[in-house]
1. Which is farthest toward the positive dipole end of the chain among Gln3, Phe15, Ala467, measuring Cα position about the Cα centre, with Cβ charges +1 (Lys, Arg) and -1 (Asp, Glu)?
2. Could you list log10 I(q)/I(0) for segment 42-172 at q = 0.20 Å⁻¹, which the Debye formula gives when each Cα is one point scatterer?
3. Among the aspartates and glutamates, which have Cα under 16 Å from the Cα of Lys439 when same-chain residues fewer than 8 positions away are ignored?
4. So what are the ³J(HN,Hα) numbers for segment 212-228, from phi and the Karplus equation (6.51, -1.76, 1.60; θ = phi - 60°), rounded to whole Hz, Gly and Pro as x?
5. Over segment 64-119, how many percent of alpha carbon pairs lie in each 5 Å bin up to the one with the longest distance?
6. Eigenvalues of the Cα gyration tensor times 5, then square-rooted: what semi-axes does that give for segment 478-519, in whole angstrom, largest first?
7. So how tilted is helix 114-126 from the main axis of the chain? Cα-based, degrees 0 to 90, rounded to 10.
8. If I ignore ligands, DNA and RNA and count only protein heavy atoms, how much of Arg389 is accessible to a 1.4 Å probe, in Å² to the nearest 10?
Amino acid sequence: MDQPLLEIKGLDVRFQTEDGPFHALKNVSLNVQRGRITAVVGESGSGKSVTALSMLQLLAPNAEYAGGEIIFHQQNDSIDLLKQPEGLLRRLRGNSISMIFQEPMTSLNPLMRCGEQVSEAIMLHKKCDRRTAKEQTIALFQKVQLPDPTGMYKRYPHQLSGGQKQRVMIAMAMSCGPDLLIADEPTTALDVTVQKTILDLIRSLQKETNMGVIFITHDLGLVGEIADDVVVMYKGEVVEKGAVKTVLRQPSHPYTKALIACRPILHPKGSRLPTVADFMGDQTAAVKPASQYAPPPPTSSLLKVRNLQVWFPSAKNILGKTTDYVKAVDDVSFDVRQGETLGLVGESGCGKTTLGRALLRLVEPKSGEIIYRGQNLIRLNKQQLKPLRKDIQIIFQDPYSSLNPRIPVGAAIAEVMKVHGIGEGERGRTEIAIEWLEKVGLKADHYKRYPHEFSGGQRQRIGIARALALDPGFVVCDESVSALDVSVQAQVLNLLNDLKREMGFTTVFISHDLGVVHYISDRIMVMNKGKIEEIGEAEQVFRHPGTAYTQRLVDAIPGRNFIGS
């Protein structure tokens with residue numbers, strides 16, 4: 001094989017913390033070939049982003065490079081990136097080695113137009129004038145398939161969708177024709193259809209320029225879609241590497257087997273999803289046999305929605321210039337049966353989150369009916385709604401922003417019980433809150449900890465505990481597993497299934513991932529542009545979609561055909 005574009009040899013990285021040194025990377029070695037995509041995969045905390053940031057020395061000041069080399073082979077020279085002065089590194093960053101960061105909204109300057117940010121990078125590295133940089137930026141926007149490239153040049157980041165912002169970041173990363181592109185979780189929070197287009201775009205640009213690509217992800221399904229080679233990391237170490245087809249179809253390390261097995265699309269309804277702990281505790285562990293799933297028998301409707309409309313004024317309307325409205329939910333009607341899980345799926349902007357919040361009157365409908373246990377919620381005032389709030393709960397997509405950072409998590413659970421008169425005094429509510437923390441897999445001594453002291457998966461468990469501590473009859477789960485690692489996602493889905501069997505509540509489960517929705521739902525409702533595209537039994541909708549739009553969502557599920565379904 002030809003000389004690698006990049007070689008990492010025995011890399012050791014430690015962070016100095018208040019509790020002493022933390023060993024983040026241990027003897028990490030990997031190669032990246034020119035003209036190939038190497039995926040680095042693992043859960044949060046595995047060391048994959050630390051490895052990527054080490055290449056450009058972008059780690060925090062408390063990081064210490066305790067050993068190893070990172071050799072970058074240019075056309076006529078080879079250099080150890082760990083030994084280069086800041087001046088040379090600054091010239092390499094964005095020029096020879098570019099990076100697409102995980103969250104484009106925090107990477108883009110909210111006060112600068114998108115086009116100006118890309119032009120700035122071009123002027124810095126190519127030493128050209130503003131007009132030339134603008135022309136090159138618009139051409140790049142066209143290449144990354146942004147609609148109306150000239151118009152996009154003038155827009156601010158908040159005026160773009162998540163997928164559009166990510167395309168701007170790709171344009172910026174490609175602006176100087178890098179030899180090596182590092183893509184750090186570039187599709188994590190995107191819809192599956194947008195995700196697929198971004199993967200196709202990165203792959204086509206890689207083939208066109210023959211650059212090397214490091215693609216960082218926690219999802220082995222994505223690896224099968226885009227990569228040539230794969231490196232699996234676990235707790236700061238490389239545990240397996242090789243060609244993608246070999247590693248995914250014949251994994252040798254139990255951690256790799258676990259990452260593959262955790263994906264909901266591989267398992268029938270009712271089966272308990274395996275987690276990393278099942279494999280790492282016992283290296284001979286295998287997926288537990290699926291339990292026989294029996295869908296709930298048809299029952300009366302707990303919730304009836306009729307001709308529901310939720311409209312928002314457009315930006316022009318707010319300024320009083322037009323009477324335009326955004327029809328987020330447009331004349332929607334459906335029933336939710338007692339005890340069932342109704343999956344609600346669609347792309348960003350389809351109206352699914354707005355619909356979920358409208359069911360709880362967290363956003364006000366324009367017209368229609370929401371009949372819950374015989375009462376039309378739309379006709380009730382706030383005082384009349386208050387007794388029903390206990391019975392209708394929501395688990396939010398981002399538990400961190402829905403938890404008060406200044407209140408310990410136990411107090412946050414106890415607070416909602418106090419509002420609804422649950423528990424005998426403060427001591428009684430504390431006991432119930434601790435009981436719920438333990439029920440969702442946390443510990444009693446977590447009661448006094450604050451939200452920032454927990455991982456994403458733990459915070460999601462806290463959000464579940466807070467919602468279910470009121471013993472609700474109806475729960476809306478709004479993208480509650482969308483940003484989690486596959487193993488943590490499996491844990492949370494198992495937890496929701498266990499608690500649903502124990503408590504018997506009814507659920508509307510909102511997600512953009514049809515694979516997850518199929519696993520957990522009894523029926524599936526597909527939304528598109530504010531309307532219901534189709535609704536039916538989960539197996540029927542998933543296996544035999546009735547519309548082209550649903551078929552597109554199925555086809556976009558990462559790794560569906562590569563690993564199997």
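1. Going by the Cα projections, it comes out as Ala467.
2. The Debye formula, applied to the Cα set alone, gives -1.17.
3. Glu431, Asp471, Asp498, Glu502
4. After applying 6.51 cos²θ - 1.76 cosθ + 1.60, I find x, 10, 9, 10, 9, 7, 9, 10, 5, x, 5, 4, x, 7, 10, 8, 9 Hz.
5. Pairs per bin, as whole percents: 4, 13, 19, 20, 15, 14, 10, 5, 0.
6. The answer is 17, 13, 8 Å, longest axis first.
7. Helix 114-126 sits roughly 20 degrees off the main axis of the chain.
8. 80 Å²
The values are calculated or read from the model by the stated rules, or taken from the named source; none is laboratory data. A quick note: this is a predicted structure, and the numbers were derived from the prediction, not measured. Note that each Cβ is placed from the backbone with ideal geometry, even for glycine, and that neighbours are counted across all protein chains shown. Each accessible area value is taken on the protein alone, full model and side chains, heavy atoms only, with ligands, DNA and RNA left out. Shrake-Rupley method; radii C 1.70, N 1.55, O 1.52, S 1.80 Å.
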